[in-house]
Amino acid sequence: MSQSYASAGVLLEPQMKDWLPSYVNITPDNGTVTARYEGIPGGMVKLFYSLTFGSGTTIGSSPTITLPLNAASHYISGLNWIGGAMLNDAGSQGNLGKVRIKSATTFDIVNLLLSSNEMRDDDITATNPFTWTTGDGLICTAMYEAAP
C-alpha cells in the first residue's frame, strides 16, 4: 500500500527497502519480483523494479504497478517520464522503455517505438513489443517526488 514519505519515515536514514506492489493487468504468479525503493532527503523516492516471467506469469494491455510511496500531485498522468526500463525477450532482444507516473499511486512501463522519425510511447500488451513468455523480463529504475 502506498503512503506519504513523512508517514513512512523515509527521511531518517535512506536505505533500500522492499515494497510489495499491487498490479492491474499483470499477474506475477510464479515469476520472480524484486521491488525496492529508497526515500531521499527532500522528498524524492528512487525505485528499482524487476519481474522475470515464470510459466504462470501473464501480462495484459496497459499494465500498471503501484508505487512504493504516493507521488506528488503535480504529475500529469502518462506524461511524466520518471525513469528508464528494459523489456527483455529472453535470449533474443532487449527493448528500451520508459517509466511514467499514471496516478498518485501507480506507474506504468511503455516500450519506446521509433515511428516516422519520432520516438513514441507504445503500450505493453501480451504480444507487444513481443510475445511475453517464461524467462522474459521487465526491469526499471525511476525517481520521483513523493507526496508530502
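Condition test on Ser61, is it closer than 15 Å to Ile124 by Cα, touching a residue at least 24 places away in the same chain (Cβ under 8 Å) and loosely packed, with under 13 Cβ neighbours inside 10 Å? Walk me through how you get there before you give the answer.
Values: closer than 15 Å to Ile124 by Cα: yes; touching a residue at least 24 places away in the same chain (Cβ under 8 Å): yes; loosely packed, with under 13 Cβ neighbours inside 10 Å: yes.
Considered against the rule, which asks whether it is closer than 15 Å to Ile124 by Cα, touching a residue at least 24 places away in the same chain (Cβ under 8 Å) and loosely packed, with under 13 Cβ neighbours inside 10 Å, Ser61 comes out as yes.
Check Pro148 against each of (1) touching a helix residue (DSSP H, G or I) at 6+ places or on another chain (Cβ under 7 Å); (2) buried (at least 18 other Cβ atoms within 10 Å of the Cβ) and name the one condition it does not meet.
For Pro148, the exception is condition (2).
Does any residue in the range 27-48 that is at positive phi and without any contact (Cβ under 8 Å) to a residue 12 or more places away in the chain come within less than 7 Å, Cβ to Cβ, of a residue that is of a type in the set (Val, Ile, Thr) and surrounded by 13 or more Cβ atoms within 10 Å (Cβ to Cβ) six or more places away or on a different chain, and which pairs are these?
Pairs that qualify, where the first residue is at positive phi and without any contact (Cβ under 8 Å) to a residue 12 or more places away in the chain and the partner is of a type in the set (Val, Ile, Thr) and surrounded by 13 or more Cβ atoms within 10 Å (Cβ to Cβ): there are none.
Failed condition for Gly56, given (1) within 21 Å of Asn128 (Cα to Cα); (2) more than 16 Å from the chain's Cα centre (by Cα); (3) surrounded by 14 or more Cβ atoms within 10 Å (Cβ to Cβ); (4) modelled with pLDDT of 90 or more, with all others met?
So the condition that Gly56 fails would be (3).
Determine whether Val10 is touching a Pro at 6+ places or on another chain (Cβ under 8 Å) and either modelled with pLDDT of 90 or more or closer than 11 Å to Ala146 by Cα (or both). Show your work before the answer.
On the way: touching a Pro at 6+ places or on another chain (Cβ under 8 Å): no; either modelled with pLDDT of 90 or more or closer than 11 Å to Ala146 by Cα (or both): yes.
Considered against the rule, which asks whether it is touching a Pro at 6+ places or on another chain (Cβ under 8 Å) and either modelled with pLDDT of 90 or more or closer than 11 Å to Ala146 by Cα (or both), Val10 comes out as no.
Those residues that are among the β-branched types (Val, Ile, Thr) and free of Cβ contacts under 8 Å to residues at least 40 places away in the same chain, I need them from the range 67-91; list them, please. Before you say what the answer is, go through the steps one by one.
Here is the first cut: in the range 67-91, the residues among the β-branched types (Val, Ile, Thr) are 76, 82.
Answer for the range 67-91, where residues must be among the β-branched types (Val, Ile, Thr) and free of Cβ contacts under 8 Å to residues at least 40 places away in the same chain: just Ile76.
Residue-wise test of (1) modelled with pLDDT under 95; (2) surrounded by 16 or more Cβ atoms within 10 Å (Cβ to Cβ); (3) more than 14 Å from the chain's Cα centre (by Cα); (4) under 19 Å from Thr34 (Cα atoms).
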residue: Met86; (1), (2), (3), (4): no, no, no, yes
residue: Ala90; (1), (2), (3), (4): yes, no, yes, yes
residue: Asp108; (1), (2), (3), (4): no, yes, no, yes
residue: Arg120; (1), (2), (3), (4): yes, no, yes, no
residue: Ala126; (1), (2), (3), (4): no, no, yes, no
residue: Pro129; (1), (2), (3), (4): yes, yes, yes, no
residue: Thr133; (1), (2), (3), (4): no, no, yes, yes
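Only one residue in Leu79, Leu67, Leu112 is closer than 17 Å to Tyr23 by Cβ and in contact with a strand residue (DSSP E or B) (Cβ under 9 Å, 6 or more places away or on another chain), so which one is that?
Working: Leu79 fails: closer than 17 Å to Tyr23 by Cβ; Leu112 fails: closer than 17 Å to Tyr23 by Cβ.
Of the residues listed, the single one that is closer than 17 Å to Tyr23 by Cβ and in contact with a strand residue (DSSP E or B) (Cβ under 9 Å, 6 or more places away or on another chain) is Leu67.
Which ones in the range 20-39 are over 19 Å from Val110 (Cα atoms) and either of a type in the set (A, V, I, L, M) or over 15 Å from the mean Cα position of the chain (by Cα) (or both)?
Leu20, Asp29, Asn30, Gly31, Gly39
The values are calculated or read from the model by the stated rules, or taken from the named source; none is laboratory data. Quantities reported herein were computed from a predicted structural model and do not represent experimental measurements. Because the Cβ atoms are built from the backbone with ideal geometry, glycine has one as well, and the counts that use them run over all protein chains shown.
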